[in-house]
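Some notes on the structure that comes next.
The values are calculated or read from the model by the stated rules, or taken from the named source; none is laboratory data. Because the structure is predicted, anything quoted here is derived from the model rather than measured. We place every Cβ from the backbone using ideal geometry, glycine too, and count neighbours over all the protein chains shown. We work out accessible area using only protein heavy atoms, side chains counted, and drop any ligands, DNA or RNA first. Shrake-Rupley method; radii C 1.70, N 1.55, O 1.52, S 1.80 Å.
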Amino acid sequence: RTKWCWSNRFFLAALIVFAIELAIAQFAHGFVRNFVGDVLVVILLFCAIQSVLAYSKWRTAIAVLIFAIGVELAQYAQIPTKLGIDRNSSLGIAAGATFDWLDVAAYALGTLFILSLLLISHINRIKMRRNGATRIKYHPL
């Protein structure tokens, strides 16, 4: 069951990643803009969702990946064009224009990064409990 909540930690992370995305959009070119930006967009969506929903972090990461791949497949099917969405509009920019397998790879890499952090956090919590910690004061995710 999903509950609405507020997480300062994830909201701050989302703001930081968003600022990096804006800087990439404004100043970067080539690999950084095309690939790193796509890696970060998955992380941005994950943090934004987790900042307002108390939902499984693992499931959120997978749902964001599925959503991102769905957007990419919509580009492949030229759905934004068929719907008459202007490529230069905000929606057109967000939906993208052309399908690229490297975009899918970037989304997968961003998701793998998130899942890796979640796994490290989970392992650290288990270790702390084994060492007798009753309450964990800090964990990265």
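At-a-glance table
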quantity	calculated
Solvent accessible area, Å² - Leu109, 1.4 Å probe, full protein context	80 Å²
R0 of 30 Å, Cβ-Cβ distance Asn131-Asn8: FRET efficiency to nearest 0.05	0.65
For segment 92-105, 3J(HN,Hα) per residue [Karplus equation, 6.51 cos²θ - 1.76 cosθ + 1.60, θ = phi - 60°, Hz, x = Gly/Pro]	x, 5, 5, 6, x, 10, 10, 6, 8, 4, 5, 5, 4, 4
Rounded to whole Hz, the Karplus (6.51, -1.76, 1.60) HN-Hα couplings of segment 119-129, x for glycine and proline	5, 4, 4, 5, 4, 4, 5, 4, 4, 5, 5
Nearest-10 value in Å² for the accessible area of Phe18, using the 1.4 Å probe	100 Å²
Computed magnitude of the charge dipole of the chain (debye, nearest 20; Cβ of K, R +1, Cβ of D, E -1)	1120 debye
Using θ = phi - 60° and Karplus 6.51 cos²θ - 1.76 cosθ + 1.60, couplings along segment 67-79 (whole Hz; Gly, Pro as x)	4, 5, 5, x, 5, 5, 5, 5, 5, 4, 7, 6, 5
Distance histogram for segment 5-52 (every C-alpha pair counted, 5 angstrom bins, percent rounded to whole numbers)	5, 25, 28, 19, 12, 8, 3, 0
Amide H contacts of Leu53 (H built 1.01 Å from N, under 5 Å, at least 5 apart or other chain)	Cys5
Segment 44-108, accessible surface, carbon-and-sulfur percent (1.4 angstrom probe)	67 percent
Accessible-area value, Cys47, 1.4 Å probe, nucleic acids and ligands omitted, Å²	10 Å²
Dipole of segment 1-105, positive end: most advanced residue of Ala94, Asn34, Leu53 [Cβ charges, Cα centre]	Leu53
List Ser90, Ser116, Ser121, ordered by accessible area with a 1.4 Å probe, largest first	Ser90, Ser116, Ser121
Mean separation of Cα contacts under 8 Å (6+ apart) over length of the chain, as relative contact order %	26 percent
Rounded tilt (10° steps) of 8-27 against the dominant C-alpha axis of the chain	30 degrees
FRET efficiency estimate (nearest 0.05) - Cβ-Cβ, Ile62 to Ile93, R0 22 angstrom	0.30
Largest-first ordering by accessible area, 1.4 Å probe, given options Tyr76, Tyr55	Tyr76, Tyr55
Listed residues Thr81, Thr111 arranged by accessible area, highest first, probe 1.4 Å	Thr81, Thr111
